[in-house]
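Below: one structure, written as structure tokens.
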Amino acid sequence: VHQVAVSAVVEARQRVGFSQGQFAELMGVSVRTLQEWEQGRRKPSGAASSLLRIAIERPDVLKDVFRSAA
């Protein structure tokens with residue numbers, strides 16, 4: 001069995017349960033930027049990093065924010 005390491009950005013998105021498009025919208029970035037983060041080619045800014053930590057630790061909070069904004 002092979003295990004693939006998942007980036008913190010992918011983990012955050014998966015915990016919230018959003019597609020790349022939904023998560024990019026929530027983060028206020030393009031899907032391309034999100035993909036760059038997920039693949040490790042770019043690093044999120046300080047504010048985006050904070051939101052990612054919230055997504056990992058409290059995905060319910062971001063789900064609520066996304067629902068209320070829609």
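The values are calculated or read from the model by the stated rules, or taken from the named source; none is laboratory data. This structure is a prediction, so every number in the text was calculated from the model and none was measured. No Cβ is skipped: glycine too gets one built from the backbone with ideal geometry, and neighbour counts run over all protein chains shown. All accessible areas refer to the heavy atoms of the entire protein, side chains included, with ligands and DNA or RNA removed. Shrake-Rupley method; radii C 1.70, N 1.55, O 1.52, S 1.80 Å.
Summary table below
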item	result
Any pair with Cβ under 8 angstrom, 6 or more apart, that starts in region 31-55 at a residue that is farther than 12 Å from Val10 by Cα and ends at one that is of a type in the set (D, E, K, R) and open to solvent by less than 60 Å² (accessible area, probe 1.4 Å)	Arg42/Glu36
Residue identified as under 20 Å from Arg67 (Cβ atoms), over 9 Å from the mean Cα position of the chain (by Cα) and either surrounded by 18 or more Cβ atoms within 10 Å (Cβ to Cβ) or of a type in the set (Gly, Ala, Ser) (or both) among Gly46, Gly28	Gly28
Near pairs, Cβ below 8 angstrom, 6+ apart or cross-chain, from region 1-12 (within 15 Å of Arg41 (Cα to Cα) and hydrophobic (A, V, I, L, M, F, W, C)) to any residue that is in a helix (DSSP H, G or I) and open to solvent by 60 Å² or more (accessible area, probe 1.4 Å)	Val6/Gln14
